[in-house]
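Enquirer: Below is one structure. I have some questions about it.
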Amino acid sequence: LDFVPRGRDVSEPDGLFMGDYIDVKLAYLEYRANTRHLKASVFAGKFDSVIGFEYRSQEAPSRIEVTPSLICRYTCGYPIGLKARLLAFDEALNLNVAITNGSSFTEGFAFSNEIDANHFKTISGRLGIRIPGIRELEIGASGSYGAQDNQSEDNIYQWQYAFDVHFHRHDLVLRAEYVKGRAPGETEMGGPRCGIAPCLTFEGAYGLLGYRVTNIVMPYARVDWRDALHEKGASFIYISKLWRTTAGVRLQLNENVIFKAEYIVNRELDRIPQFPNDLFTSALVVKY
């Protein structure tokens, strides 16, 4: 669980955002049944996403970067439900399937939910294969389908699919992911678009390169792209279409202390005007 500091003017009852809160990320039971050639697990509770690859390294000690990718909001959530995992052929084949209350969107994103508002569950899965002869290379395909989150109808279906590739050999790390999805929402006849239930279309990708120069120093670079449209009646519309470039360095000072720093350049696309939103950020991670 995380203790998350957040700011809010509590004297303003209609103010935006929330105050400090406790974020329970993982809370599950796991049953394992292993044989000589197969490893199987069943999970019940709140567990990792099965979409894409980035969710495996989103915690601060294991993530190379400071910030997540632009598509992490669609793949890095912690859904509640049941999950089964199968590892075969000396873990060369990795299959995950899950039935959950909602999607794999992160909780900070408005489309996420953990307590279902409808009866139709979300089905998701990922198949990952490590290439024979190049065990450091893994290729995966994943997707999900279910009733749209945060609305009560069972016949409004939300879907997404993703592809990922990951290569890690010695000091070199290469990773790329692509995701596309849609939540159609619902519009009242004669009313504003997506007035009953919000609409969302999204598509995005990123590529990451990291190389450990010494036991301490690891520079990295990432390029992101996202094209997303989020609408909710006459009150809200969010358009995101941009390229983002991140360059940084990770310093593994010892086994307990990590320092990371990066600079991010954002460039809006099409008719969206440019505005000053480049930034520098850093993180100090202490683990024990």
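The values are calculated or read from the model by the stated rules, or taken from the named source; none is laboratory data. From a predicted model like this one, the values you see are computed outputs, not experimental measurements. Quick reminder, even Gly has a Cβ in these numbers, built from the backbone with ideal geometry, and neighbours come from all protein chains shown. All accessible areas refer to the heavy atoms of the entire protein, side chains included, with ligands and DNA or RNA removed. Shrake-Rupley method; radii C 1.70, N 1.55, O 1.52, S 1.80 Å.
Enquirer: Could you work out the relative contact order of the chain, using alpha carbon pairs under 8 angstrom and six or more residues apart, expressed as a whole percent?
Expert: Relative contact order, the chain: 11 percent.
Enquirer: Starting with the highest mean, order 63-76, 120-133 by the number of other Cβ atoms within 10 Å, averaged over the residues of each peptide.
Expert: 63-76, 120-133
Enquirer: With a probe of 1.4 Å, find how much accessible area the stretch 1-115 has per residue, and write the answer as a whole number in Å².
Expert: About 56 Å² of surface per residue is accessible.
Enquirer: Also: Using a 1.4 angstrom probe and counting only protein chains, how large is the accessible area of R135 in Å², to 10?
Expert: 90 Å²
Enquirer: Once phi is turned into θ = phi - 60°, what whole-Hz ³J(HN,Hα) does the Karplus curve with 6.51, -1.76 and 1.60 give for every residue of the stretch 167-184, x standing for Gly and Pro?
Expert: Residue by residue, the stretch 167-184 yields 9, 9, 9, 6, 9, 9, 10, 10, 8, 8, 9, 9, 9, 8, x, 7, 10, x Hz.
Enquirer: Express in nm, to one decimal, how much length is gained between I237 and N34 on full extension, taking 0.36 nm for each residue of separation and deducting their alpha carbon distance.
Expert: Working: separation 203, 0.36 × 203 = 73.08 nm, distance 4.92 nm.
Additional length available on full extension: 68.2 nm.
Enquirer: Something else now. Tell me, what % of the accessible area of the stretch 198-288 is carbon and sulfur with a 1.4 angstrom probe? Don't skip to the end; give the middle numbers.
Expert: Working: 3290 of 5230 Å².
Whole-percent figure for carbon plus sulfur exposure: 63.
Enquirer: Which distance in Å, rounded to a whole number, links the C-alpha centroids of the stretch 99-118 and the stretch 149-185?
Expert: Rounded to whole Å, the Cα centres lie 14 Å apart.
Enquirer: Now a separate question. Report the calculated FRET efficiency for L127 and K287 (r = Cβ-Cβ distance, R0 = 41 Å), to the nearest 0.05.
Expert: The pair L127/K287 has a calculated efficiency of 0.80.
Enquirer: What distance in nm lies between label points placed 7 Å from Cα along the C-beta direction at L95 and F3?
Expert: 4.4 nm
Enquirer: Right, here's the next one. Sorting W225, W243 by accessible area (1.4 Å probe), largest first, what list results? Each step should come with its number before you reach the end.
Expert: On the way: W225 50, W243 125 Å².
So the residues, ranked largest to smallest area, are W243, W225.
Enquirer: If you don't mind, another one. For n ≥ 4 DSSP H runs only, could you compute -39500 (n - 2.57) per run for the chain, divide by its residues and tell me the 222 nm figure to the nearest 500?
Expert: About 0 deg cm²/dmol.
Enquirer: Please list 3J(HN,Hα) in residue order for the stretch 54-59, calculated via the Karplus relation 6.51 cos²θ - 1.76 cosθ + 1.60 where θ = phi - 60°; whole Hz, with x for glycine and proline.
Expert: The phi angles translate into 4, 4, 5, 10, 8, 7 Hz.
Enquirer: Just to make sure I understand: if all protein chains stay in place, what is the order of Y31, Y161, Y206 by accessible area at 1.4 Å, largest first?
Expert: Final ranking, largest accessible area leading: Y31, Y161, Y206.
Enquirer: Output ³J(HN,Hα) for the stretch 115-130: one whole-Hz value per residue in order, computed from phi by the Karplus curve 6.51 cos²θ - 1.76 cosθ + 1.60 with θ = phi - 60°, and x for Gly and Pro.
Expert: Per-residue couplings from phi come out as 9, 5, 9, 9, 9, 8, 7, 9, 9, 9, x, 8, 10, x, 10, 8 Hz.
Enquirer: Among N113, N155, N254, which one shows the highest mean-square fluctuation when the chain is modelled as a Gaussian network with alpha-carbon springs under 10 Å?
Expert: With Cα springs under 10 Å in the chain, the top fluctuation among N113, N155, N254 is at N254.
Enquirer: First check a/c for the chain, with a ≥ b ≥ c the square roots of the eigenvalues of its C-alpha gyration tensor; if it is under 1.5, answer rounded, and if not, answer prolate when a/b is larger than b/c or oblate otherwise.
Expert: Here the chain falls in the oblate category.
Enquirer: Take the cross-link list K46/K121; K25/K232; K25/K121; K25/K241; K180/K241 and give me the ones stretching past 25 Å between alpha-carbons.
Expert: Among K46/K121; K25/K232; K25/K121; K25/K241; K180/K241, the Cα-Cα distance tops 25 Å for K25/K232; K25/K241.
Enquirer: Something else: State, as an integer percentage, the relative contact order of the stretch 107-218 based on alpha-carbon contacts under 8 Å between residues 6 or more apart.
Expert: Result for the stretch 107-218 is 18 percent.
Enquirer: Ordering H168, H230, H119, H37 by accessible area with a probe of 1.4 Å, largest first, what comes out? Present the calculation step by step, with values, prior to reporting the outcome.
Expert: Numbers: H168 95, H230 20, H119 160, H37 130 Å².
Correct descending sequence by accessible area is H119, H37, H168, H230.
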